[in-house]
1. Can you name the residue in the stretch 207-257 that is in contact (Cβ under 8 Å) with a residue 12 or more places away in the chain, polar (S, T, N, Q) and surrounded by fewer than 16 Cβ atoms within 10 Å (Cβ to Cβ) and, of all such residues, is farthest from the ligand (Cβ to nearest atom)?
2. Of the numbered conditions (1) open to solvent by less than 40 Å² (accessible area, probe 1.4 Å); (2) away from the ligand (no atom under 13 Å from the Cβ); (3) charged (D, E, K, R); (4) out of contact with any helix residue (DSSP H, G or I) (no Cβ under 8 Å at 6 or more places or on another chain), residue 146 fails exactly one; give the number of that condition.
3. Inspect the stretch 100-113 for any residue being of a type in the set (Asp, Glu) and farther than 30 Å from residue 170 by Cα and give the result as yes or no.
4. Can you tell me which residue within the stretch 258-283, out of those that are in contact (Cβ under 8 Å) with a residue 40 or more places away in the chain and over 28 Å from residue 171 (Cβ atoms), is nearest to the ligand (Cβ to nearest atom)?
5. Go through 52, 33, 18, 74 for me and flag whichever is open to solvent by 80 Å² or more (accessible area, probe 1.4 Å) and part of a helix (DSSP H, G or I).
6. Go through (1) surrounded by 17 or more Cβ atoms within 10 Å (Cβ to Cβ); (2) more than 14 Å from the ligand (Cβ to nearest atom); (3) outside any loop (DSSP other than H, G, I, E, B) and name the single condition residue 99 misses.
7. From the list 185, 168, pick out the single residue that is small (Gly, Ala, Ser) and part of a helix (DSSP H, G or I).
8. Cβ-Cβ distance below 8 Å, separation of 6 or more or different chains: which pairs start in the stretch 3-23 with a residue that is at pLDDT 85 or above and end on one that is open to solvent by 100 Å² or more (accessible area, probe 1.4 Å)?
Amino acid sequence: MLEKIEELLGQVQQFHTKNKEEIEKFRIAFIGKKGSVTELFEKFKEVPNEQKKEFGQKINTLKQAVNAKIEELKSGISEEAVTEKIDLTKPGFPLELGSRHPINLVKNRIIEIFKSIGFAVADGPEIEDDWHNFSALNLPEYHPARDMQDTFFIEKDPDILLRTHTSSVQIRYMEKNEPPMRILSPGRVFRNEAISSRSHCIFHQIEGLYIDKNVSFADLKQTIQYFTTELFGKSQIRMRPSYFPFTEPSAEVDVYWGLNSETDYRITKGTGWLEIMGCGMVDPAVLKNVNINPDEFSGFAFGMGIERIVMLLYQMSDIRMFFENDARMLEQFKHL
Ligand code: PHE
């Protein structure tokens, strides 16, 4: 009987067809109700006990070989069926490309501009402690300027909060590195402001920081002018005195947008000037907080909101559009 099994195994291995019906016939002949393998299982009872083990193993091997053969043959026909159906002359399926979010487009453009004059990108966490977001930036606990940047607190005493500006990255970077340094740090910031239905708790900023020997206000002005020329094609800027606890002196930068269209009148409120960022010379007290000697080094910092710049560049009228994820808006940036 063992010989019979060997013989059947040989037949199984040699069998080949691409015909569906032939495969079915093969199945019936071997493992159908009256198939030869099925018969062998029935005869198993008659096998003397001492041979049962060997016989059982062989017959199972045979059964597995039959099943494997059937699978193999079936996959052969399905492949063939598919190849027959493919029409190579048909045009391909159009693969819809996604688009970058306008905020990222503009962010990347700004990074590119500053990279070309030696600024590297530095990152910081969105969840900050009091030291990096406020205290080290010369905003001690009871400083009134903190009121302008209320935020969301994750823990109290010690305070852990969502950062209100990217200036926290200045501190983190200066703590870990030695001057000279030139960094740009883009990211999300948070403020607890619900002044109007248009104001939003989340927005994006880009921070710049340059610390070296003999950095002056003239360097700051030149750098910003280079930036506005590259980004907007507008080189006329003005700096108005302002106040930030971490810079001294501080300034607000306006770029001259012009009054060529009705939109220009609207967005500049008839003045032709547009405010684009805050900046100033890094306050010596801040440098001391991060163990940089203010007698040896000086530097400037600036910070700008990205949404506003995107709205200017793409003439978008409502800041809420950035967060709605409306595909009709996003699709318009597909080719940029
Ligand atoms: N952090 C300031 C803000 O969010 C902007 C700023 C950055 C001002 C760097 C001066 C220097 O309003």
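The values are calculated or read from the model by the stated rules, or taken from the named source; none is laboratory data. Being a predicted model, the structure only gives us computed values, none of them experimental. We place every Cβ from the backbone using ideal geometry, glycine too, and count neighbours over all the protein chains shown. When the accessible area is computed, the model is the full protein with side chains, heavy atoms only, and any ligands, DNA or RNA have been set aside. Shrake-Rupley method; radii C 1.70, N 1.55, O 1.52, S 1.80 Å.
1. Going through the qualifying residues, I end up with 236.
2. Result: residue 146 passes all but (2).
3. Looking for residues that are of a type in the set (Asp, Glu) and farther than 30 Å from residue 170 by Cα, one finds none in the stretch 100-113, hence no.
4. Once the filter is applied, the top-ranked residue is 267.
5. Of the residues listed, the single one that is open to solvent by 80 Å² or more (accessible area, probe 1.4 Å) and part of a helix (DSSP H, G or I) is 74.
6. (3)
7. 168
8. Going by the 8 Å Cβ cut-off, the qualifying pairs are 23/74.
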